[in-house]
Amino acid sequence: MALTDADVQKQIKHMMGFIEQEANEKVDEIDSKAEEEFNIEKGRLVQTQRVKIMEYYEKKDKQIEQHKKIQMSNLLNQARLKVLKARDDMITDLQNDARQRLAEIAKDPENYSVLLQGMLLQGFFQLLEPKVTVRCRQQDVEMVQEAVNKNIPIYREAVKINIVVKIDTVRFLSSDICGGVEVYNDNGKIKVSNTLENRLELIAQQMMPEIRVKLFGANPNRKFLD
């Protein structure tokens with residue numbers, strides 16, 4: 001039985017509808033897959049950038065923290081240096097005050113003559129030489145001569161050796177010092193310095209640990225006091 005034009009048109013229309021439906025379904029499938037792939041790629045890119053951003057700010061945080069530690073360390077070091085300088089300045093002031101008080105010793109002739117005698121005798125015993133030369137301030141020559149005269153028999157009795165003592169009247173110790181003497185062997189190569197300033201310096205060195213404890217308290221990090 002032959003198909004009429006109406007039947008042919010109907011079948012064609014039906015086939016076109018079927019093809020269109022399949023095409024639409026294919027398009028929907030492609031769109032869905034493309035959307036899925038897009039979302040996956042977008043998620044991957046977002047995650048990648050998120051990780052990069054997190055790493056960037058984590059690195060920045062570490063740099064800031066390191067910078068803060070360096071600044072804190074620098075501030076602490078500066079504070080320690082200021083404390084140390086203040087302590088050194090205090091000790092320097094203390095030593096300067098002691099030097100100023102030394103000048104008062106020579107103003108008491110009775111006590112100063114006894115001190116000179118002890119300083120001279122100590123110099124004789126340290127040198128143990130048969131001939132020595134003594135230098136002093138020009139204003140102390142007479143007092144030093146008296147001390148020498150008293151010390152010679154004491155020294156001779158102690159070591160059983162005679163000693164010849166010469167007072168240098170050409171080269172004197174500076175009048176700016178507080179007092180004391182320097183004792184030399186015969187050729188001048190060995191010297192015993194017993195000036196008041198020198199004795200103060202020696203005492204300050206020996207007592208410095210004790211002075212620091214008295215002024216600033218004990219240092220818990222210091223194992224030895226010398």
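The values are calculated or read from the model by the stated rules, or taken from the named source; none is laboratory data. Since this is a predicted model, take the numbers as computed values, not measurements. No Cβ is skipped: glycine too gets one built from the backbone with ideal geometry, and neighbour counts run over all protein chains shown. Accessible surface is based on the protein model in full, side chains and every heavy atom, while ligands, DNA and RNA are left aside. Shrake-Rupley method; radii C 1.70, N 1.55, O 1.52, S 1.80 Å.
Axis of helix 109-127 versus longest Cα principal axis of the chain: the two differ by about 80°, to the nearest ten degrees. Note on Met15/Glu35: beta-carbon distance plugged into 1/(1 + (r/R0)^6) with R0 of 25 Å gives a FRET efficiency of 0.25. In this label model, Gln66 and Ile154 are separated by 7.0 nm, measuring between points 7 Å along each Cα→Cβ vector.
Over region 23-124, give the accessible area per residue in Å² for a 1.4 Å probe, as an integer.
Values: 8330 Å² over 102 residues.
Accessible area per residue, region 23-124: 82 Å².
Given a 1.4 Å probe and every protein chain left where it sits, what share in percent of the accessible area of region 99-213 is carbon and sulfur?
On the way: 3510 of 6820 Å².
Solvent-exposed carbon and sulfur of region 99-213 make up 52 percent of the total.
At the listed q of 0.11 Å⁻¹, the Debye profile of region 99-213, built from one uniform point per Cα, gives log10 I(q)/I(0) equal to -0.36. These residues, Ser175, Ser73, go from largest to smallest accessible area, 1.4 Å probe, as Ser175, Ser73. For region 99-213, lysine pairs separated by 8 or more sequence positions, or belonging to different chains, with Cα-Cα distances below 22 Å total 11.
Relative contact order, percent, of the chain when contacts are C-alpha pairs under 8 Å separated by at least 6 residues? Worked out over the chain, it gives 16 percent.
Between Asp186 and Val213, take the C-beta separation as r, use R0 = 45 Å, and let me know the FRET efficiency to the nearest 0.05. Mind dumping the intermediate values first?
Details: r = 44 Å, r/R0 = 0.98.
Approximately 0.55, to the nearest 0.05.
Among the trypsin sites (Lys or Arg not before Pro) within region 57-122, those in coil by DSSP and having at most 12 neighbouring Cβ atoms inside 10 Å are Lys107.
I'd like the trypsin sites (Lys or Arg not before Pro) in region 164-224 restricted to DSSP loop residues with at most 14 other Cβ atoms within 10 Å, sorted by number. Walk me through the numbers before you get to the answer.
Values: sites: Lys166, Arg171, Lys189, Lys191, Arg199, Arg212, Lys214, Arg222, Lys223; in loops: Arg171, Lys189, Arg222, Lys223.
Within region 164-224, the qualifying trypsin sites (Lys or Arg not before Pro) (loop, at most 14 other Cβ atoms within 10 Å) are Arg171, Lys189, Arg222, Lys223.
Distances over 27 Å make up what percent of all Cα-Cα pairs in region 1-152? That tail contains 72 percent of the Cα-Cα pairs.
Applying 0.36 nm per residue to the separation of Ser174 and Glu22 and subtracting their alpha-carbon distance, the gain on full extension is 42.6 nm.
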